[in-house]
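J.: Sharing a structure below in structure tokens format, with a few things to ask.
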């Protein structure tokens, strides 16, 4: 199996990001975006997704964390797309339900080559530090659009917004880990079309 890694560099008038991803990892890497709660969520994503993930991002945080969080999502999606290559031999589908105390979230993924997001969550307005709650949806939309995956996210229960968002990130990590895993019984691309890249 070839090494499934990618490095993405993105520099705009709003952000400067370097992201390195390894799909067959252990959770290694440093995540530094200037948005503390988001760094914590990226740590969870790496650990529970078994991803080696290094993120160094600087952005216009004086205007809020929106550009930084969304652009990191873009870079992560691009890195997933590149590291997956032709998607040969992967399981393709993954799903997970994760409880976090009173909160519970479910995520289902199809690495289909087509971008789609179903967002079934109603997060209250507000922020955790300099991380606005609404950035959770923006991040996942950016990832799915650039990774070309179908992504369904559902909040099933919860009162504490920290717990709810954490459950979403952990469920995404677990579902992604299952979807990108190598299926030893799959000799080609898991699609009757013969491709998952178009």
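J.: Sorted from fewest to most neighbouring beta carbons within 10 Å, what does the list 116, 131 look like?
T.: 116, 131
J.: Can you tell me the 0 to 90 degree angle between the C-alpha axis of helix 161-180 and the longest principal axis of the chain, rounded to 10?
T.: 10 degrees
J.: Sticking with this one: Against the longest alpha carbon principal axis of the chain, how many degrees, from 0 to 90 and to the nearest 10, is the axis of helix 36-49 turned?
T.: 20 degrees
J.: Nearest 0.05, what FRET efficiency do residue 114 and residue 47 give at R0 = 30 Å with Cβ-Cβ as r?
T.: 0.60
J.: A follow-up question, please. Got the relative contact order for the chain handy, in percent, Cα pairs under 8 Å and 6 or more residues apart?
T.: Dividing the mean separation by the residue count of the chain yields 26 percent.
J.: Determine which residues of the range 28-43 fall in the zone a paramagnetic label at residue 127 would reach in this model, i.e. backbone nitrogen under 18 Å from the point 7 Å along Cα→Cβ.
T.: Within reach of a label on residue 127: 33-41.
J.: Springs between alpha-carbon atoms under 10 Å, Gaussian network over the chain: tell me which of 138, 102, 166 tops the mean-square fluctuations.
T.: Between 138, 102, 166, it is 102 that shows the largest mean-square fluctuation.
J.: What is the order of 170, 11, fewest Cβ neighbours within 10 Å to most?
T.: 11, 170
J.: As a check on your grasp of the helix formula, calculate [θ] at 222 nm for the chain: sum -39500 (n - 2.57) over DSSP H runs of n ≥ 4, divide by the residue count, round to the nearest 500.
T.: Using -39500 (n - 2.57) per qualifying helix, the result is -11000 deg cm²/dmol.
J.: Rounded to the nearest 10 degrees, what's the angle between the helix 66-84 long axis and the longest principal axis of the chain, both from Cα atoms, 0 to 90?
T.: 10 degrees
J.: Which option, (i) 13.2; (ii) 13.7; (iii) 10.5, is the value of mean projected area of the Cα convex hull in nm² that was calculated from these coordinates?
T.: For mean projected area of the Cα convex hull in nm², the calculated option is (iii).
J.: Turning to a different aspect of this structure: Restricting the count to DSSP beta bridges whose residues both fall in the range 51-174, what percent are antiparallel, rounded to a multiple of 5?
T.: Rounded to the nearest five, the antiparallel share is 75 percent.
J.: Multiply the residue separation of residue 97 and residue 24 by 0.36 nm, subtract the distance between their alpha-carbon atoms, and state the gained length in nm to one decimal.
T.: 24.1 nm
Every number in this text was worked out from the coordinates using simple rules, so none of it is lab data. What you are looking at is a predicted structure, and each value in this text was computed from that prediction instead of being measured. Heads up, the Cβs are rebuilt from the backbone with ideal geometry, glycines too, and the neighbour counts pull from every protein chain shown.
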